[in-house]
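The values are calculated or read from the model by the stated rules, or taken from the named source; none is laboratory data. None of these values were measured; they are calculated from a predicted model. Positions of Cβ are generated from backbone atoms using ideal geometry, with glycine treated the same way; all protein chains shown enter the neighbour counts. Heads up: the accessible areas ignore ligands, DNA and RNA and are worked out on the full protein's heavy atoms, side chains in. Shrake-Rupley method; radii C 1.70, N 1.55, O 1.52, S 1.80 Å.
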Amino acid sequence: MISNDIFPHSRFKRGMAAILGFGFGLVSLSTVVNAEDLETLKPGVLQVAIEPYMPYTALKDEKLVGLDSDILDAVAKKLGLKIETMVTDFPGMLAAVQSQRADITIGGIAWSDARQKVGLFTDPPYYSPPAMAVHGDASYPDVKSLEGKALGTVTGYVWAKSIAEVPKADARTYPTADSVFSDLSSGRLDIGFLDPLLIIYQQQQRPDMKFRVAYLNAPTAEQVASHPDYKYFQPYMTGFYLPKQAPKLAQAISDQIDAMYKDGSLAALVTKWGGDPKQFLVPSPEMAAQRRGVDRPQAWSPPSVAD
């Protein structure tokens with residue numbers, strides 16, 4: 001349970017039809033919005049819940065750092081909002097939003113139908129490609145190539161379900177990402193499934209460790225039909241997550257995210273943190289259908305640097 005005193009730092013990790021007046025999606029804010037009108041819990045202040053998860057989010061010297069943090073900082077400045085932060089764990093940061101103890105949570109949060117039923121997602125600040133940390137020089141281009149290999153991920157990550165379905169694979173789960181990296185470096189593990197920037201960040205921090213980053217070609221529709229949990233081997237949409245009671249704030253943040261795709265600033269931030277904009281800022285074809293008629297209008301298209 002989260003106490004009322006969840007914002008100890010001086011500064012600081014997704015059913016709207018009744019609000020909208022039309023089928024789905026958020027009301028577009030075509031005019032400049034005053035910070036005081038953005039449905040924040042404290043006027044002019046954006047209260048943010050995170051889990052320390054570099055290089056996506058962390059609090060260092062009372063300042064937010066990481067990719068998501070940099071994006072949110074840019075957005076908050078555009079909207080005239082001051083940031084205050086709480087640090088918790090992943091379940092806690094989602095609960096803080098859903099119970100309206102926080103205005104927003106960030107940090108590689110995957111869009112899902114279940115989460116959007118109890119919260120609001122912004123447009124994707126970036127997409128998460130199916131990345132692998134690979135030991136040795138062997139190539140693993142597709143899910144077929146994973147068969148019979150030693151595969152690992154962190155307990156509770158969605159990839160635990162995926163690797164368990166790979167025929168003849170030695171599927172292992174670990175308590176932490178550090179444990180995955182250790183077994184990869186020693187050769188006890190062939191492939192680890194983790195968030196892509198985390199793999200790149202670990203490479204930068206520990207160049208002595210023997211693994212490299214690679215990207216898996218997404219499974220086909222036929223493969224997913226035969227192995228439903230292969231869907232987690234597909235790219236997914238991330239989002240900033242807000243309470244259901246803050247549609248204006250969610251839309252205002254989405255508008256700023258969309259503008260950052262167009263002006264090149266988002267590509268610059270992804271590059272700063274070790275990502276390839278072509279991998280992180282171009283949606284896969286099926287993503288639009290996942291949200292159309294769910295939490296976006298039927299004509300919605302995910303933002304892209306390829307536009």
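Key figures for this structure:
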{"quantity": "For the chain, calculated [θ]222 nm from helices alone, where every DSSP H run of n ≥ 4 adds -39500 (n - 2.57)", "calculated": "-8500 deg cm²/dmol"}
{"quantity": "Hits among aspartates and glutamates - C-alpha to C-alpha of residue 248 under 17 Å, sequence gap 8 or more where chains match", "calculated": "36, 37, 39, 103, 123, 258, 295"}
{"quantity": "Average accessible surface area per residue within segment 131-234, 1.4 Å rolling probe, Å²", "calculated": "47"}
{"quantity": "Most to least packed among 111-124, 46-59 [average Cβ atoms within 10 Å]", "calculated": "46-59, 111-124"}
{"quantity": "Share, in percent, of DSSP beta bridges within segment 131-234 that are antiparallel, nearest 5", "calculated": "45"}
{"quantity": "Separation between Cα centres of segment 95-164 and segment 217-249, rounded to whole Å", "calculated": "8"}
{"quantity": "Cα gyration tensor shape for segment 243-294, rounded if a/c is under 1.5, else prolate or oblate", "calculated": "oblate"}
{"quantity": "Spin-label model distance (nm) - residue 276 vs residue 39, 7 Å beyond Cα toward Cβ", "calculated": "3.8"}
{"quantity": "In Hz, Karplus ³J(HN,Hα) per residue of segment 101-117 (6.51, -1.76, 1.60; θ = phi - 60°; x = Gly, Pro)", "calculated": "9, 9, 7, 6, 9, 9, x, x, 6, 6, 5, 8, 5, 5, 5, 6, 5"}
{"quantity": "Percent accessible area from carbon and sulfur atoms, the chain, protein chains only, probe 1.4 Å", "calculated": "53"}
{"quantity": "Among 242, 57, 107 the positive-end extreme of the charge dipole of the chain (Cβ point charges)", "calculated": "242"}
{"quantity": "For segment 240-296, size of Cβ-based charge dipole, Lys and Arg +1, Asp and Glu -1, in debye", "calculated": "140"}
{"quantity": "Eligible aspartates and glutamates near residue 168 by straight Cα distance, threshold 14 Å, same-chain separation 8 or greater", "calculated": "147, 190"}
